Amino acid sequence: MNILLLTFYFEPDLCAGSFRNTALVEALSPKLKKNDHLDVVTTMPNRYSTYKAEASEFEKYASNINIYRSELPEHKSGFFDQINSFRAYYSSAIKQVKDKEYDLVIASSSRLFTAFLGARVSSNKKAPLFLDMRDLFRENMQEIIKNPVISYPLDIFLRFIEHYTFKRADQINIVSEGFRDFFEKYEAPISFYPNGIDDVFLENNFKKNTGNHSNRIITYAGNIGDGQGLHKVIPQTAKLLQDTDYEFRIIGDGGTRKLLKEELDDLKVSNVELIDPVDRDTLLKYYKETDYLFLHLNDYDAFKKVLPSKIFEYAATGKPIIAGVGGYAKEFLEKHVKGTLLFEPCNAAELADELKKNTLSEEAVDRKGFNNKYARSSIMNELAENILESYRK
């Protein structure tokens, strides 16, 4: 059985897509039979311009697993940068698989077009298509792009891409139950295998290590884009807390980091530290030093359906979580994650008031049941078995 996995991100890149698909390959590897073969067609590390990681264009991951990485143009995560990057990936992937035959195509996609690439390849190869959908791209674009001159024709174009792609799928996996209503209009069976907790977070002790810090530290680590909307809440909240002992650490990069920095400068905020993306070993040290972990999604209707992967990573630390989310993510946190302070997205005044009341304990929270249920290795093992049992001839 020859399998193709298409994913824009893969190790050693730093993002949810990379962690998820690396874990999927790790789960598939021991389950492959002697005559099975897996090709992973991905990109060179490119998630952040401020973080560089070494990787080879070709890697022999295992005796029957090959990794092919496409070189991409330099970019800074802007909208048109992302278009150019995907165009390069699409072209490279088509060339890479041109003379190969596959019995199954798997595409893991957050921005729709990797799924579309999977649909095109599966059609050309006459192979079944398994889609792992990590986001609702078109719905996000409807809210992010406000100019009707751009948004209207873009929406028509994306609807066409969606219809072609999802009608081609033989099975669709979703990472959030909030996506189910969207995909039920298509004929493909739907499965639910969410993101999860990587072993590195399960194996570490995150007991507070204060280092040289006496302040109460609130840490955010991840992408800094319009979807996270940090520029709408962090500077304003920090300003309201400037006379307290709260300190924000924002670790990461993305399309709106510059805007966040400008807001911080305009408000003359002194209790926020911006830190470039770091590797996981360094991130673990920051997590140990922090008192609270911060999560936020912009106040868009489309984001009421998502389940951020960051929830699983944060929960594993046992640290209290501060989350500005709504919809399914809010329901999930209320039901499954103890020790969470919830506030309305982008409502800096509400967040500042809650923190001034100090209603959230700084003590570690026992989440052993959650950690056992959502260990990434277990989830990916189940997904890998589902895929192989469903499509092995």
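The values are calculated or read from the model by the stated rules, or taken from the named source; none is laboratory data. Given the structure is predicted, the values throughout are model-derived calculations rather than measurements. Here the Cβ is made from the backbone with ideal geometry for all residues, glycine too, and neighbour counts use every protein chain on show. Quick note on the areas: whole protein, heavy atoms, side chains included, nothing else; ligands and nucleic acids left out. Shrake-Rupley method; radii C 1.70, N 1.55, O 1.52, S 1.80 Å.
Miscellaneous remarks
- Residue match in segment 93-101 (condition: of a type outside the set (A, V, I, L, M, F, W, C) and at pLDDT below 90): no
- Residue pairs whose Cβ atoms lie under 9 Å apart, sitting 6 or more positions apart in sequence or on different chains, and linking a residue in segment 254-266 that is under 13 Å from residue 276 (Cα atoms) and without any contact (Cβ under 8 Å) to a residue 24 or more places away in the chain to a partner that is in a helix (DSSP H, G or I) and open to solvent by less than 50 Å² (accessible area, probe 1.4 Å), are 261/231.
- Hey, residue 85 part of a loop (DSSP other than H, G, I, E, B) and either modelled with pLDDT under 95 or open to solvent by less than 30 Å² (accessible area, probe 1.4 Å) (or both) or not: no
- Residue that is surrounded by the most Cβ atoms within 10 Å (Cβ to Cβ) [pool: residues in segment 254-294 that are of a type in the set (Lys, Arg) and in contact with a strand residue (DSSP E or B) (Cβ under 9 Å, 6 or more places away or on another chain)]: 257
- Residue check, residue 190 surrounded by 15 or more Cβ atoms within 10 Å (Cβ to Cβ), more than 21 Å from residue 295 (Cβ to Cβ) and in contact with a Pro (Cβ under 9 Å, 6 or more places away or on another chain): no
- Each residue in segment 153-177 was checked for being open to solvent by less than 20 Å² (accessible area, probe 1.4 Å) and out of contact with any strand residue (DSSP E or B) (no Cβ under 6 Å at 6 or more places or on another chain), and 7 pass.
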